[in-house]
Each structure stands twice: as C-alpha cells, then as structure tokens.
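Values in this text are rule-based calculations from the coordinates and carry no lab data. This is a predicted model, so every value here is computed, not measured. Ideal geometry is used to build each Cβ from the backbone, glycine not excepted, and the neighbour counts take in all protein chains shown.
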Amino acid sequence: MSFDRSIKIAPSILSADFANFGAECEAIEAEGADWVHVDVMDGHFVPNITFGPAMCAAIRPHIKGVMDVHLMISPVDPYIDAFAQAGADIITAHVEAGAHIHRTLQAIRGAGAKAGVALNPGTPADAVAELLDMVDLVCVMTVNPGFGGQKFIDMTRKVRRLRSMIADRPIHIEIDGGVDPTTAPLVAAAGADVLVAGSAVFRGGSVSDPAPYGANIRAIRNAAAG
Ligand code: DX5
Ligand code: ZN
C-alpha cells in the first residue's frame, strides 16, 4: 500500500448481498472500487451485529486491493491479531471503544496492519492530537455508527481541523456515513481522501447486474472532484 491523497472510493459491504460477499467484492472492484470497507459490529459498542474475522478471511481471496476493516467493537485488543491474520490491510478502532486507544493502535501496527482511528460525530478532532504519529488513517464518522443508509451529519469543520493538524504526515482522512454525490464534494473540499459509501454504491445493482455499481462509484468520484 503506497500513500497518496487522491480520492479513493471504499464501498461498504454492509450494503452488499450477505449471501454473496465474495462475488460482491469482486463486482465492486471490477466496477472501480479502490478499497473494500468491512464494517465489523458487535451489538455492544454499536446496536447491530455483522461479522467477524472468519468472514474477513473468507472474503480476502476475493479482494485484489485494500481490505479496510472498521472495528465497531469493544473491547478491541483481544481481536486484533485475528483480524490481522485474516488479511486486513488497515484495522481501524474507535477512540471511544476503550480507555487505552494508544495501546490498541500500537497493537494494530505490531500485528503488521496499518492503524486507523475513528471518531464518532460527538468526539472532537483534538481526541486524536496525541495519536497522529502512530496512525495511518483517521476516520471521521458522519453518522452515528451501527447502520447503513443513515442521513449524513455535517462534520466538515472537524475534517478541516484534522487536515490542518495532520499537516504533511502520510495520514488518510476517511469519511464514513451518508456519503453520496451530494455530500462527497463537501468532505473532499475539506480535505478527506477516502470516501466510504454503502447504500450509494450498491443501490440499483447486484452481482448479476453490476453496472450500476460502476455508475454509482463514478458519480461519487466525479462529484468529489468538483
Ligand atoms: C456505519 C458504517 C458505515 C456504513 C455506511 O456504522 O460504519 O460504513 O455502512 O453506509 P452508508 O453509506 O449507507 O451510510
Ligand atoms: Zn464503516
């Protein structure tokens, strides 16, 4: 994984056909996805349950590019090695998920993955100020995590602040929640480079009719380019 700040579209397979994850990953990559975003939920940190490391290991051979694993779980630390061994390129943990995010991020890098830190909408940018020399990605949640298809919460001020805090460090700013062709330009202009999108990518398509995935990805990318 080399670092660049160009816009990357990361479809969230939370909006994919749960009976068909392997084929869905292949379809979105063939249709232009840059990264594949995997939303892990535990029914404790967030009010929904999705999938775990075994599912990540199962889809890994179906993903050529970056597998971006977003952990919405608490605790995090006991599961880091399992997600790294499942082939996650990036493992993102929430700053709100426990008392020791610094230790968690050390453990993620120690396990050989890139480290991401996520901020819920109610958490200020300053919460990551002491972590910027140990992360590869900051994820700004633009919904309260737990479900796809929610309304975008405007966090552009936070994104701008993070962009200036990050300065020239090689750290991605990822936006997660409610990203579509209307909201993508706002966050891209504020300094984000990775746009997660679930419903706005998968709507209208399927593994047997994947062309809408490509059209949806292009629409978000073009809108973000302004
Ligand atoms: C929310 C997840 C998001 C979500 C995005 O808890 O982290 O990745 O799937 O879905 P949309 O794009 O539908 O808001
Ligand atoms: Zn996510």
In the stretch 1-20, the residues that are surrounded by fewer than 20 Cβ atoms within 10 Å (Cβ to Cβ) and either more than 25 Å from residue 51 (Cα to Cα) or within 16 Å of ligand 1 (Cβ to nearest atom) (or both): 2, 3, 4, 5, 6, 7, 15, 17, 18
In the set 121, 212, 145, which member is in contact with a strand residue (DSSP E or B) (Cβ under 7 Å, 6 or more places away or on another chain), surrounded by fewer than 17 Cβ atoms within 10 Å (Cβ to Cβ) and under 25 Å from residue 50 (Cα atoms)? 121
Out of 122, 149, which single residue is in a loop (DSSP other than H, G, I, E, B) and without any contact (Cβ under 8 Å) to a residue 60 or more places away in the chain? 122
Find the residue count for the stretch 172-188, including only residues that are aliphatic (A, V, I, L, M) and either touching a Lys or Arg at 6+ places or on another chain (Cβ under 9 Å) or without any contact (Cβ under 8 Å) to a residue 24 or more places away in the chain (or both). 2
Here are the criteria: (1) within 16 Å of ligand 1 (Cβ to nearest atom); (2) farther than 20 Å from residue 183 by Cβ; (3) touching an Asp or Glu at 6+ places or on another chain (Cβ under 6 Å). Tell me which single one residue 116 does not satisfy. (3)
Kindly evaluate residue 187 against the criterion of being among the β-branched types (Val, Ile, Thr) and closer than 26 Å to residue 18 by Cβ. no
